[in-house]
1. In the stretch 62-86, which residue that is in contact with a helix residue (DSSP H, G or I) (Cβ under 9 Å, 6 or more places away or on another chain) and loosely packed, with under 13 Cβ neighbours inside 10 Å is nearest to residue 30 (Cα to Cα)?
2. Does residue 91 fit the bill of being in a helix (DSSP H, G or I) and buried (at least 16 other Cβ atoms within 10 Å of the Cβ)?
3. In contact with a helix residue (DSSP H, G or I) (Cβ under 6 Å, 6 or more places away or on another chain) and either surrounded by 13 or more Cβ atoms within 10 Å (Cβ to Cβ) or closer than 18 Å to residue 105 by Cα (or both): is that true of residue 59 in this structure?
4. Inside the stretch 101-114, can you point out the residues that are modelled with pLDDT of 90 or more and in contact with a helix residue (DSSP H, G or I) (Cβ under 8 Å, 6 or more places away or on another chain)?
């Protein structure tokens with residue numbers, strides 16, 4: 001008991017002095033090594049492993065821009081994979097990890113919405129997807145009208 005009190009007191013004094021004491025509570029995180037692992041896992045198609053590695057990085061360093069960017073890409077790929085496999089609960093579990101680190105990301109919020117819609121009403125989700133595809137084609141046609149004319153010639 002005395003040993004725990006002493007250790008707590010030392011940690012508290014170090015904290016007051018402004019010295020980082022996270023290594024007492026969690027293992028040291030090698031950000032560069034984890035980032036390399038997450039990229040490798042992403043390239044191999046292990047999206048869940050990618051998100052787990054990015055979770056560790058962003059827990060240790062919330063502002064890590066490369067990890068944040070890869071997390072958005074991984075959430076997109078996870079959404080597509082979840083649609084094809086039908087494992088909605090697991091997909092939502094991993095998307096919630098992404099949302100924890102990027103709560104203001106519209107892309108991640110949209111992905112969660114898509115999976116929840118698929119889980120509750122697959123027919124409605126397919127209709128929504130067709131509608132989105134039609135809107136994308138119309139937007140492309142408005143933005144690049146000359147390109148379409150050349151293709152049709």
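1. 62
2. Criteria met by residue 91.
3. No.
4. 101, 102, 105, 107, 108, 109, 111, 112 - these are the residues of the stretch 101-114 that are modelled with pLDDT of 90 or more and in contact with a helix residue (DSSP H, G or I) (Cβ under 8 Å, 6 or more places away or on another chain).
The values are calculated or read from the model by the stated rules, or taken from the named source; none is laboratory data. Small disclaimer: the values here were computed from a predicted structure and weren't measured. Heads up, the Cβs are rebuilt from the backbone with ideal geometry, glycines too, and the neighbour counts pull from every protein chain shown.
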